[in-house]
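Presented below is the structure to which this report refers.
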Amino acid sequence: MFKVDKDSLLPIYYQIEEGLKELIAREELKAGDIVPSERELAERYNVSRMTVRQAINNLVNDGYLVRQRGKGTFVANSKIEQGLQGLTSFSEDMRARGMNPSSKLLEFNLIQAPVTIASKLAINEGEFICEIKRVRLADDIPMAYERLYISRKLVPDLTEEIVSSSMYEYIENTLNINIVKGEQTLEASIARKNEAAILQINEGAPVLLIERTSYMDNQKPLEFVQSVYRGDRYKFKIEMERR
Ligand code: 16G
């Protein structure tokens, strides 16, 4: 285990927190391992259970540990770190990590574009678009829930089978459309009831809301995509250069 120094200026809860983080970093505690109970830790370090609880709460809030009611506290799965440079597809991202990407198609609708979506796609309100709702999985674990909108004119032959696999592959290799750039926003949110069920997380769990518009080489929008990513599985990384 780790040491707690009662003469240190560092608060005890903080030392316990850092000690547990170190065990996780050294893989002495691995994803899925049970963490010693509050009582055990309190006895081992001769500190109050309140102190231990504070350390554990912080680690749960920061996503290092997860509580399972009636079972105990466990080490969380490490998050997928996703770079934000380069316009890549979900399938490419997962394959680059040695994971197997897949999609579960929930809905495939032909609808008339409401004004909000029409303006994102730079088309007229009421034009036909495909609305595709799918769960994106990596090694069969649901990672994100995507709602994708694309003008029907661009993909008149799009089928359920195609959208169950890689959209970018179809657009680039079958339709020979060049995807040249994208714009993306990222914001914090919490899982709504239907999203929680789809992503197999609790309602109210933290998620990342991502919106992407990608463009073709004629500078026109290709797709508008709203995605909900699991906050416990994903973190995004931006590399920055000063000036
Ligand atoms: C990513 C994109 C999405 C794109 C999809 C294509 C984000 C937030 N979204 O999920 O815009 O449609 O990749 O993936 O990254 P596919 O080629 O595997 O279907």
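The values are calculated or read from the model by the stated rules, or taken from the named source; none is laboratory data. The model shown is predicted, which means the values in this text are computed figures rather than measured ones. Positions of Cβ are generated from backbone atoms using ideal geometry, with glycine treated the same way; all protein chains shown enter the neighbour counts. For the accessible areas, the whole protein counts, side chains as well, though only heavy atoms, and no ligand, DNA or RNA atoms are used. Shrake-Rupley method; radii C 1.70, N 1.55, O 1.52, S 1.80 Å.
One residue stands out in region 144-177 among those that are among the β-branched types (Val, Ile, Thr) and assigned to a loop (DSSP other than H, G, I, E, B): the one that is nearest to residue 117 (Cα to Cα), namely 155.
For every residue, the table says whether it meets (1) hydroxyl-bearing (Ser, Thr, Tyr); (2) within 16 Å of the ligand (Cβ to nearest atom); (3) exposed (fewer than 14 other Cβ atoms within 10 Å of the Cβ).
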position: 6; (1), (2), (3): no, no, yes
position: 15; (1), (2), (3): no, no, no
position: 21; (1), (2), (3): no, no, no
position: 95; (1), (2), (3): no, yes, no
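Of the residues making up region 165-178, those that are more than 9 Å from the ligand (Cβ to nearest atom) and open to solvent by less than 50 Å² (accessible area, probe 1.4 Å) number 1. Cβ-Cβ contacts under 6 Å between residues 6 or more apart (or on different chains), taken from a first residue in region 96-107 that is hydrophobic (A, V, I, L, M, F, W, C) and modelled with pLDDT of 95 or more to a second residue that is surrounded by fewer than 14 Cβ atoms within 10 Å (Cβ to Cβ) and outside any strand (DSSP E or B), are listed as 105/160.
Every test in (1) in a strand (DSSP E or B); (2) open to solvent by less than 40 Å² (accessible area, probe 1.4 Å) is passed by residue 212 save one, and that test is (2).
Collect the residues in region 100-142 that are within 22 Å of the chain's Cα centre (by Cα), more than 12 Å from the ligand (Cβ to nearest atom) and aliphatic (A, V, I, L, M), keeping them in residue-number order. Within region 100-142, 106, 141 meet the criteria. Is it the case that some residue within region 193-208 is within 13 Å of the ligand (Cβ to nearest atom) and either touching a strand residue (DSSP E or B) at 6+ places or on another chain (Cβ under 6 Å) or open to solvent by 90 Å² or more (accessible area, probe 1.4 Å) (or both)? Yes: region 193-208 contains one or more residues that are within 13 Å of the ligand (Cβ to nearest atom) and either touching a strand residue (DSSP E or B) at 6+ places or on another chain (Cβ under 6 Å) or open to solvent by 90 Å² or more (accessible area, probe 1.4 Å) (or both).
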